[in-house]
1. At 1.4 Å probe size, what's the solvent-accessible area of Tyr247? Round to the nearest 10 Å².
2. Determine, for each peptide in 83-91, 193-201, 394-402, the mean count of other beta carbons within 10 angstrom over its residues, then list the peptides with the highest first.
3. Could you report the accessible area of Trp228 in Å², rounded to 10, computed with a 1.4 Å probe on the protein chains as they sit in the structure?
4. Tabulate in residue order the Karplus-calculated ³J(HN,Hα) for segment 444-451, using 6.51 cos²θ - 1.76 cosθ + 1.60 with θ = phi - 60°, rounded to whole Hz; enter x for Gly and Pro.
5. Can you work out the Karplus-derived ³J(HN,Hα) for every residue in segment 232-248? Use 6.51 cos²θ - 1.76 cosθ + 1.60 with θ = phi - 60°, whole Hz, and x for glycine or proline.
6. For the chain, what is the calculated [θ] at 222 nm in deg cm²/dmol (nearest 500), taking -39500 (n - 2.57) for each run of four or more DSSP H residues and dividing by its residue count?
7. Run the reach check for Lys155 against lysines, Cα to Cα strictly under 19 Å, same-chain hits fewer than 8 apart removed. What comes back?
8. Out of residues 5 or more away from Leu381 or on other chains, whose amide H comes under 5 Å of its own, with H placed 1.01 Å from N in the peptide plane?
Amino acid sequence: MRSTSRTSRTSRTNRKPRAAKTAAALLAGALTLSLTACGGDDDKDSDSNATGAKETGTTVTLPKLNGESLEVAAVWSGAEQANFKKVLAEFEKRTGATVTFVPAQDPIVNFLGSKIAGGQPPDVAMLPQPGAIKQAVDKKWAKPLGAEAKAELAKNYSQGWQDIGKVNDEQYGVYYKAANKSLIWYNAKVFENAGATEPKTWDELLTTAQTVYDSGVTPFSVGGAEGWTLTDWFENIYLSQAGPEKYDQLAKHEIKWTDPSVKDALTTLAQVWGKKDYVATGALQTDFPASVTQTFRGGDQPKAAMVYEGDFAQVNIGTAGAKVGTDAKVFPFPAVGDTAPVVSGGDAAVILKDSKAAQALATFLASPDAATIQAKLGGYLSPNKSVDNSVYPNAVQQKIAKALIEAGDDFRFDMSDQAPQAFGGTPGKGEWKALQDFLTNPKDIAGTQQKLEADAAAAYGG
């Protein structure tokens, strides 16, 4: 999920660095306390929480829409798509409307452009980047949200999550899905056999990786076929090492990619990507789902011991037949600098064809009713603060969700999703391609910086 991803691109990043550092420390601390405790007691906790979970309530009034039809486009596939369709089915049940899910291709803005050019735009699109929302507004595709949807947002979302769905102070997006993108999942049996421990710092991560390697298992699985996973690696290192102020500046291209801080981050990243046999073979041919499943298949001899990605990896862990909290455990992305990073992403519902039905769907997606349905199914995290924490299916997910909500407005959004899509969100181009090339040749730090800066300058307009 490039979900991984952004109002105008500046509005949500202008946080005070001190406040952001404090929030990052609090969130990382909360995750450290909760996620490292995901051992044998998780089953007991999960069962008790599941039985005490609240049923999906009716907190929002929706109009009767018998005979109306809607199309909703998103890049989601597999279990993610199937779970979202259950949310749409509930909307159909309550309103009488018929909703069709339209599978979209990356980049979704290009997909939507072809649909609009053909006179067949979907009614609603789930956009994974604030930059994509701004582009849809600039092209006059997107329609502002109505009073009902905005009221639901005001009631259920922190100001920060409302703001990243705005362009020029007008509300266009409902951030239905969020992600905590500062997590590393690991095969518990491999760690146990190797005598490896969960690291808290980057140096400790390298030590853990060597311990795993010495036990006969490749340390890391990387889904390099999809460039967004590589940008996420970079962003976590950069945020922790360079700090939130530099992160905000680079996100807005106020400093160049040839800046020494970028060199430092790439040098650090190369300590994993450039270490012989630290990354499972075929990384550039491995997509994100496979990068997860190959970490949790093969018993105590999987293709790799660890895989970096967000909370949404739980869906793929389940596909591999592994159980979160026992077979698959997780720790926060280790601190490279003074503070562990906290990077978030998200997908926003944006109306392309204004109608009573489309506005009603946006209102529904802004309510806790919709989010609760998908939260129960796992592999999903909502920024909606009115969702009862007990509905998440296991203790790991409950604690990740709680930490995200308690962070309030002080979070950093995925940097590449803040960028123009040509730079930060297009397969085979821009940052995605430059980091794929860097994965192939981690020694070429200067060349990678020059390529990143040239592509960024073109995309940002100088």
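The values are calculated or read from the model by the stated rules, or taken from the named source; none is laboratory data. All figures in this text were calculated on a predicted structure; none of them were measured in a lab. Note that we place each Cβ from the backbone using ideal geometry, even for glycine, and neighbour counts take in every protein chain shown. In case anyone asks, the SASA skips ligands and DNA or RNA and just uses the protein heavy atoms, side chains included. Shrake-Rupley method; radii C 1.70, N 1.55, O 1.52, S 1.80 Å.
1. 0
2. Listed from highest to lowest mean packing, they are 394-402, 83-91, 193-201.
3. Rounded to the nearest 10, that gives 10 Å².
4. Going residue by residue, I get 8, 6, 5, x, 5, 4, 5, 5 Hz, with x marking Gly and Pro.
5. Whole-Hz 3J(HN,Hα) from phi for segment 232-248: 5, 3, 4, 5, 5, 5, 5, 4, 6, 7, 8, x, x, 5, 5, 4, 5.
6. -14000 deg cm²/dmol
7. Cα-Cα hits under 19 Å: Lys166, Lys177, Lys385, Lys402.
8. Hits under the 5 Å cutoff: Ala178.
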